[in-house]
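Input: a single structure, listed below in structure tokens.
FYI, it's all coordinate maths here, none of it is from the lab. Computed from a predicted structure; not experimentally measured. Positions of Cβ are backbone-derived with ideal geometry, glycine not excepted, and every protein chain shown enters the neighbour counts.
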Ligand SMILES: [Zn+2]
């Protein structure tokens, strides 16, 4: 066991040095939602509780973090919720001016890095957050939002989601409506990246036909490995590459490994008695899941895919579409399982080390770890 930890430690050190000549960018972290839901403060030591906190993000070498601003469509005012989420992060920044800064354009990143600060921006998750109102989109931009996924799992009045396109029988409309196209054009004009993660295929192709700027998929993986509606098919990956955009690979075990959902069902089946008992006591499903995951860590750990599978997804995009179109969009604190070793935001050096071992040059590494995303951001900023 001791040798295992020593190897792990050395691998991580190797990764930190490989990572050091790159600007590490992660495009999707759900900490804000988790913190508003549970009252966690970002600048506290949350080891063992969340994937993310301020000091661990810095220890993991992250230079730029896109903080997901999200609530499901059930809230009375998703827009109000978004404003509160932003207020919460800004309060943390105010308390920690030496450690963290909110940036509003890609040029400000250099300063932040020079001063040793974590740079933060917002990524709004779900077009429902702007409540069909372009002036609200504008305000979210003014406050530092630099991408928005046009949908979450729920469709908006103007764009259909991957979930609804696959599962909903009486879907009101498929693809983008005229207003949906207007949203895309407005985002292009503002310099807010259009994010196709969570989007249905019909909407995806409408976006590709409408946008005049490169798009991102902030947290999506490869359909060829795991045919989940949230993953991207080869022709979508190629279209994003032709558009000059980037796919930021999601770390969720269920998106990476096609056998994960089956293993998870078997796990819940093995503990059916407890599940039934909790459910009959009206404990919500997500808490039942969290409770059982905490209670049986050994079994949960056995369901996790190897880190090499995440590298396979990255490699697949590189081989299909080119090294300029792939990056990292962890989804930390929005997922219950990630590949072995990726336990929290301090684990990024393991990815750098594994890519290096796979033969990635320093230049290629720098593109995957953040360079590609920064190129797309700069392209979006051009007037
Ligand atoms: Zn998501």
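Here are the numbers for the structure shown:
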| quantity | calculated |
| --- | --- |
| Tensor-based shape of the stretch 24-150 (alpha-carbon gyration tensor, a/c under 1.5 rounded, otherwise prolate or oblate) | oblate |
| Extension gain (nm, one decimal) between residue 88 and residue 358, 0.36 nm per residue minus Cα-Cα | 93.2 nm |
| Residue exposure sequence - 107, 80, 56 - by fewest surrounding Cβ within 10 Å | 107, 80, 56 |
| Cα shape, the chain, gyration tensor, a/c 1.5 rule | rounded |
| Packing-based exposure ordering (other Cβ within 10 Å, fewest first) of 104, 169, 213 | 169, 104, 213 |
| Computed helical MRE - 222 nm, the chain, DSSP H runs ≥ 4 contributing -39500 (n - 2.57), nearest 500 | -14000 deg cm²/dmol |
| Linear extension gain, residue 45 paired with residue 212, 0.36 nm per residue minus alpha-carbon span | 55.9 nm |
| Fluctuation leader among 325, 271, 173 - the chain, Gaussian network, Cα springs under 10 angstrom | 271 |
| Fewest-first sequence of 255, 9, 163, 179 by Cβ atoms within 10 Å of each Cβ | 9, 179, 163, 255 |
| FRET efficiency, 1/(1 + (r/R0)^6) with R0 22 Å, evaluated for residue 168 and residue 274 via beta carbons | 0.10 |
| Of all DSSP beta bridges in the chain, antiparallel share, percent nearest 5 | 5 |
| Three-way shape call for the stretch 51-91 based on the alpha-carbon gyration tensor, with the a/c threshold at 1.5 | prolate |
